[in-house]
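Enquirer: Let me give you the structure first, and then I'll get to my questions.
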Amino acid sequence: MSLHICSTISALREARKRASTKGSVALVPTMGALHKGHRSLIRAAKERCHTVIVSIFVNPTQFGPAEDFTQYPRTFDADCSVLEEEGVDILFAPSVGEMYPAGASTFINAGEIASRLDGASRPGHFRGVATVVMKLFNIATPDVSFFGQKDAAQVAVLKKMVSDLNVPVQIVVCPTMRDPDGLALSSRNIYLSSEERENALALSRALNVVNSQAKGNILSATELRQTLLNELQKTPTLRIDYAEIVAPDTLLPTKNIYDGALVAVAAWVGKTRLIDNLLLPSRNEAVQ
Ligand code: AMP
């Protein structure tokens, strides 16, 4: 079956209604400029669900006034080819006016968690993310929705929203896809010059060093965080936004990593802000 493109909410609802007679429905929300990270989410969705809906929407409410909303890469035709190649059933690609008609004024406030990590440096970001994802859930009513571990704070905020508001959707989190040299795939990587791309490798390199230390039985989050900072500072052109070791579900700093921890980094490479993270397993899981 070829890709069915819906640009209006009513068209998507119709397509969704037809799909529900056939089995479970997956939603993979994206902002487009699709890469192998998005493909991995789609493949996970196809494995689990009968019908896969992908949304492409560059959501203005999650960008700050000085951020890259207008420059964000928009590659609609190439994205459609990717979706066709991956055998996606339905693409939901609404306009800004369709999603936010004049006068729309209701937003999701996820509380304290939305002001941690990226929420601290991008005020209002998670209000925008939670609102658009809630709208997508209400429009597409998926059984399962797929998100990337790459955006670990987003995952924490959305899981909390789904739990707090009893949203009837299951969230599946897929591992971060990387280039062979370790750089986490991101639609924003196209902003990087070759020299900046080289410097950007400092993020995954630093996380790898922390990973080795954690495997070597260093459990102190303070010690591991110091390693993280030291490693990142070896690349002086990198401007660290945050480098934290937190509990993955609350995003609050943790003292030790015994019960598992999220090692999360955000840094500016030139004008591009990149994020990456490492999820350390709980020792109970790790020792098998
Ligand atoms: P975006 O289009 O950047 O908003 O991302 C859409 C979805 O793809 C989000 O759930 C992201 O976490 C996920 N994603 C982005 N980059 C990666 C990656 N490198 N590996 C796995 N998932 C990713």
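The values are calculated or read from the model by the stated rules, or taken from the named source; none is laboratory data. Fair warning: this is a prediction, and the values are worked out from it, not measured in the lab. Cβ placement follows ideal geometry from the backbone for every residue including glycine, while neighbour counts extend to all protein chains displayed. Areas reflect the complete protein model, heavy atoms only, side chains present, ligands, DNA and RNA absent. Shrake-Rupley method; radii C 1.70, N 1.55, O 1.52, S 1.80 Å.
Enquirer: In segment 176-188, how many are without any contact (Cβ under 8 Å) to a residue 60 or more places away in the chain and part of a helix (DSSP H, G or I)?
Expert: Counting residues in segment 176-188 that are without any contact (Cβ under 8 Å) to a residue 60 or more places away in the chain and part of a helix (DSSP H, G or I) gives 0.
Enquirer: While we're here: Suppose we keep only residues that are surrounded by fewer than 16 Cβ atoms within 10 Å (Cβ to Cβ) and of a type in the set (Asp, Glu) within segment 180-202. Which one would you say is farthest from the ligand (Cβ to nearest atom)?
Expert: Among those residues, the one meeting the criterion is Glu195.
Enquirer: For Asp249, work out the one condition from (1) exposed (fewer than 14 other Cβ atoms within 10 Å of the Cβ); (2) touching a residue at least 12 places away in the same chain (Cβ under 8 Å); (3) acidic (Asp, Glu) it doesn't fulfil.
Expert: (1)
Enquirer: Oh, and also: Out of (1) in contact with a Cys (Cβ under 9 Å, 6 or more places away or on another chain); (2) among the aliphatic types (A, V, I, L, M); (3) more than 16 Å from the ligand (Cβ to nearest atom); (4) closer than 29 Å to Thr106 by Cβ, the odd one out for Ala26 is which?
Expert: With respect to (1) in contact with a Cys (Cβ under 9 Å, 6 or more places away or on another chain); (2) among the aliphatic types (A, V, I, L, M); (3) more than 16 Å from the ligand (Cβ to nearest atom); (4) closer than 29 Å to Thr106 by Cβ, Ala26 is out only on (3).
Enquirer: Here's a follow-up. What residue, among those in segment 49-81 that are among the β-branched types (Val, Ile, Thr) and without any contact (Cβ under 8 Å) to a residue 60 or more places away in the chain, is most open to solvent (accessible area, probe 1.4 Å)?
Expert: Here the answer is Thr70.
Enquirer: Name the one entry in Ile90, Ile5 that is farther than 28 Å from Gly119 by Cβ, more than 15 Å from the ligand (Cβ to nearest atom) and open to solvent by 30 Å² or more (accessible area, probe 1.4 Å).
Expert: Ile5
Enquirer: Restricting the first residue to segment 219-232 and requiring it to be at pLDDT 95 or above and part of a helix (DSSP H, G or I), which pairs with a second residue that is open to solvent by 70 Å² or more (accessible area, probe 1.4 Å) and not polar (S, T, N, Q) meet a Cβ separation below 9 Å and a spacing of at least six or different chains?
Expert: Pairs found: Ala221/Pro253; Ala221/Lys255; Thr222/Lys255; Arg225/Pro253; Glu231/Arg205; Leu232/Arg205.
Enquirer: Since Ile240 meets every condition but one in (1) open to solvent by 50 Å² or more (accessible area, probe 1.4 Å); (2) assigned to a loop (DSSP other than H, G, I, E, B); (3) of a type in the set (A, V, I, L, M, F, W, C), which condition does it not meet?
Expert: (2)
Enquirer: If you don't mind, there's one more thing I want to ask. Out of (1) under 13 Å from Ala266 (Cα atoms); (2) touching a Gly at 6+ places or on another chain (Cβ under 7 Å), the odd one out for Leu238 is which?
Expert: Failed condition: (2).
Enquirer: For segment 109-175, give me every one of the helices (runs of 4 or more DSSP H) that falls completely inside it and has 3 or more residues that are within 14 Å of the ligand (Cβ to nearest atom) and crowded, with 19+ Cβ neighbours inside 10 Å.
Expert: 125-140, 152-164
Enquirer: Further question: Filter segment 237-251 down to residues that are farther than 17 Å from Glu196 by Cα and in contact with a strand residue (DSSP E or B) (Cβ under 6 Å, 6 or more places away or on another chain), then give me how many there are.
Expert: Taking segment 237-251 as the starting set, the residues that turn out to be farther than 17 Å from Glu196 by Cα are 242-251.
Still in the list and also in contact with a strand residue (DSSP E or B) (Cβ under 6 Å, 6 or more places away or on another chain): 242-246, 248.
The total comes to 6.
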